[in-house]
Amino acid sequence: MAHNDHRKVIIIGSGPAGLTAALYAGRANLLPIVFEGQQPGGQLTITTEVDNYPGFPEGIMGPDLMEAIRKQAQRFGAETVFKSVESVDLSKRPFKVVADGDEYFAESLIISTGASAKLLDIPTESEYMGYGVSACATCDGFFFKNQHVVVVGGGDTAMEEATYLTKHAARVTVVHRRNELRASKAMIDKAKKNSKIDFVWDSVVDKVLGANEGGYKKLNGVQLKNVKTNMVTDFKCDGLFLAIGHQPNTKLFEGVLDMDAVGYLKTQPQSTETNIPGVFAAGDVADSKYRQAISAAGTGCMAAIDAERFLAE
């Protein structure tokens with residue numbers, strides 16, 4: 001193992017939380033290093049346009065927003081490297097972080113590894129991600145004004161997304177693999193009362209259909225398969241929203257950091273502190289509730305301030 005590098009702060013993850021933490025830590029002269037991981041820029045790099053990030057009245061492309069925050073962090077001395085963290089040792093300080101075979105040591109650690117939307121794992125899904133397929137209704141619903149969209153899922157998230165989408169879409173069809181929902185009664189009642197929402201039961205989406213229109217990829221339907229009869233039908237629609245949950249990227253910390261049943265990191269009230277002093281969590285890795293770029297950035301700022309105060313003590 002090469003590279004014995006000792007830092008005041010190491011940041012794992014490079015979405016809005018990680019890069020905002022880097023910006024604040026950089027300004028505090030902590031010379032942070034950010035490991036960008038598998039998806040540099042985080043989930044925003046798979047959304048196309050971001051319309052709800054304050055300060056951009058015309059909207060901004062997700063990747064452009066992340067590149068701007070990255071440059072801002074670098075301006076204040078943050079170092080960003082395109083490496084993935086393989087293991088961490090939090091049993092003693094300095095903490096040890098191994099990234100792409102190199103060892104690094106840190107007096108404090110900010111974890112902003114985010115969460116990944118669970119996907120259907122069908123080949124055409126990634127092809128149309130951002131071109132009609134989305135895993136975030138509040139991010140992308142606006143682009144489906146007066147159109148027909150399909151929501152896949154049967155839990156609270158799916159009902160919430162379906163209900164939200166009726167503000168924009170003309171019609172929302174919920175596709176669920178069983179014949180009853182597992183969402184809470186209140187959420188089910190709300191969705192079933194909404195005249196814009198209809199349901200397709202006992203079915204899965206097994207293919208995304210689309211075409212190139214004027215050199216631009218566009219989804220124009222999905223293939224539905226009935227799990228009881230195995231019958232396959234083409235279903236015309238303009239968008240597909242995946243609402244089968246998110247998985248926080250916390251495998252590295254299993255058995256070491258406190259997390260809930262799903263795997264979201266637990267933090268102390270009014271703080272980004274985890275159960276290990278000097279280790280802080282920011283963004284979607286510790287937030288199953290809001291999952292917005294702006295709230296992630298806010299907790300990134302908090303984590304950097306928490307780390308700075310921890311180091312000063």
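What follows draws every value from the coordinates through simple rules; no lab data is involved. Not measured: the values here are computed from a predicted model. Backbone-built Cβ (ideal geometry, glycine too); neighbour counts: all protein chains shown.
Between amide H atoms placed 1.01 Å from N, distances below 5 Å from residue 61 occur with 50, all of them 5 or more places distant or on a separate chain. The slack in the chain from residue 268 to residue 64, taken as 0.36 nm per residue of separation less the alpha-carbon distance, amounts to 70.1 nm.
Each of residue 122 and residue 216 was given a label point 7 Å from its Cα along the Cα-to-Cβ line. The distance between the two points is 2.4 nm.
Note that the range 283-291 has calculated 3J(HN,Hα) couplings of x, 5, 5, 10, 9, 8, 9, 9, 6 Hz, one per residue in order, obtained from phi through the Karplus relation 6.51 cos²θ - 1.76 cosθ + 1.60 (θ = phi - 60°); glycine and proline are x.
Taking all Cα pairs closer than 8 Å and separated by 6 or more residues, the relative contact order of the chain comes to 21 percent. For the peptides 273-284, 14-25, residues were scored by their other Cβ atoms within 10 Å and the scores averaged per peptide; the highest-first order is 14-25, 273-284.
Here each label is just a point 7 Å from Cα along the line to Cβ, and for residue 72 and residue 56 those points are 1.1 nm apart. Normalised by the number of residues in the range 119-242, the average gap of Cα pairs under 8 Å and 6 or more apart makes the relative contact order 30 percent. By the Cβ rule of 4.7 Å, the chain holds the following cysteines without a possible disulfide partner: 237, 301. For the range 207-222, backbone phi angles converted through the Karplus equation (6.51, -1.76, 1.60; θ = phi - 60°) give residue-by-residue couplings of 6, 9, 9, x, 8, 8, 10, x, x, 10, 5, 8, 5, 10, x, 9 Hz, Gly and Pro being listed as x.
Remark: the residue 247-residue 311 segment gains 19.9 nm on full extension, using 0.36 nm per residue and subtracting the alpha carbon distance. Please identify the longest segment of the chain free of exposed trypsin sites (Lys or Arg not before Pro), where exposed means a DSSP state other than H, G, I, E or B and no more than 13 other Cβ atoms within 10 Å. That would be 1-91. Return the inverse of the average 1/r over all pairs of distinct C-alpha atoms in the range 119-242, which is the Kirkwood hydrodynamic radius, in Å to one decimal. When all Cα pairs of the range 119-242 are included, the Kirkwood radius is 14.4 Å. If the cut-off is 19 Å between C-alpha atoms, which lysines fall inside it for residue 118, apart from same-chain ones fewer than 8 positions away? Of all the lysines, those that pass the test against residue 118 - Cα under 19 Å, at least 8 places apart if same chain - are 207, 251, 289. Charging the Cβ of each Asp and Glu at -1 and of each Lys and Arg at +1, and nothing else, the dipole of the chain about its Cα centre rounds to 820 debye. Subtracting the Cα-Cα distance of residue 195 and residue 102 from 0.36 nm times their residue separation leaves 27.8 nm of extension gain. In summary, the aspartates and glutamates within cross-link reach of residue 193, defined as a Cα separation below 14 angstrom excluding same-chain residues under 8 places away, comprise 160.
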